[in-house]
Amino acid sequence: DKVETTHARENKEFKESRLEGVKILSNFQEKQRRDMLKQHQRQREDLENRIRARKESLEAAMKKNAESTKEESRRKTRRLMERHAEALRAFDIETANLGIDNAAVIGASARISGSSGVSGGSSSSSTSFSSSSGQRPSDWRHSRAEFLPS
């Protein structure tokens with residue numbers, strides 16, 4: 001009977017020890033799970049921050065590129081306007097040196113393009129005095145000063 005009592009006591013101690021081991025293991029696994037979730041959350045936040053920073057960097061680069069493109073376009077437009085104004089000044093000087101009145105040149109050009117039309121072999125200078133609307137140069141409401149750069 002003493003053996004049976006000892007065996008029952010050992011069995012009870014073993015069960016208690018096993019339950020204690022299961023409890024320790026369960027607590028350890030729960031702690032591991034919490035730590036893993038915290039690590040995943042930190043990694044996710046880090047990744048989101050890096051993505052946000054990269055997005056902001058790309059948006060800033062795109063904005064800078066757009067501004068640069070606009071500025072380049074403005075520079076090209078300004079250069080073209082300056083060339084146009086210089087060509088007009090050179091034409092005015094050349095016609096004045098030849099003793100030709102600009103109004104007479106414009107009027108003659110209008111008569112030529114109005115009566116015979118513009119032929120395919122005509123020079124570009126005769127077409128530059130007519131407008132696409134069919135108006136004669138004398139009907140134009142603007143002056144050359146509008147084309148001069150400010």
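Do we have F91 as of a type in the set (F, W, Y), assigned to a helix (DSSP H, G or I) and at pLDDT below 95 here?
Yes, satisfied.
Which residues, counting only those in segment 62-87, are without any contact (Cβ under 8 Å) to a residue 60 or more places away in the chain and of a type in the set (A, V, I, L, M, F, W, C)? Even if it seems obvious, please write down each step before you answer.
Here is the first cut: in segment 62-87, the residues without any contact (Cβ under 8 Å) to a residue 60 or more places away in the chain are 62-77, 79-80, 83, 86-87.
Of everything in segment 62-87, those that are without any contact (Cβ under 8 Å) to a residue 60 or more places away in the chain and of a type in the set (A, V, I, L, M, F, W, C) turn out to be M62, A66, L80, A87.
Taking I106 as meeting all but one of (1) assigned to a helix (DSSP H, G or I); (2) free of Cβ contacts under 8 Å to residues at least 24 places away in the same chain, write down the number of the exception.
Of the numbered conditions (1) assigned to a helix (DSSP H, G or I); (2) free of Cβ contacts under 8 Å to residues at least 24 places away in the same chain, the odd one out for I106 is (2).
In this structure, does T5 turn out to be part of a helix (DSSP H, G or I) and exposed (fewer than 10 other Cβ atoms within 10 Å of the Cβ)?
Numbers: part of a helix (DSSP H, G or I): yes; exposed (fewer than 10 other Cβ atoms within 10 Å of the Cβ): yes.
When the stated conditions are applied, T5 passes them.
Any idea which of (1) in a helix (DSSP H, G or I); (2) modelled with pLDDT under 95 is the one G99 doesn't satisfy?
(1)
The values are calculated or read from the model by the stated rules, or taken from the named source; none is laboratory data. Everything numeric here is computed off the predicted structure, so don't read it as measured data. Every residue, glycine among them, receives a Cβ derived from its backbone with ideal geometry; neighbour counts consider all protein chains shown.
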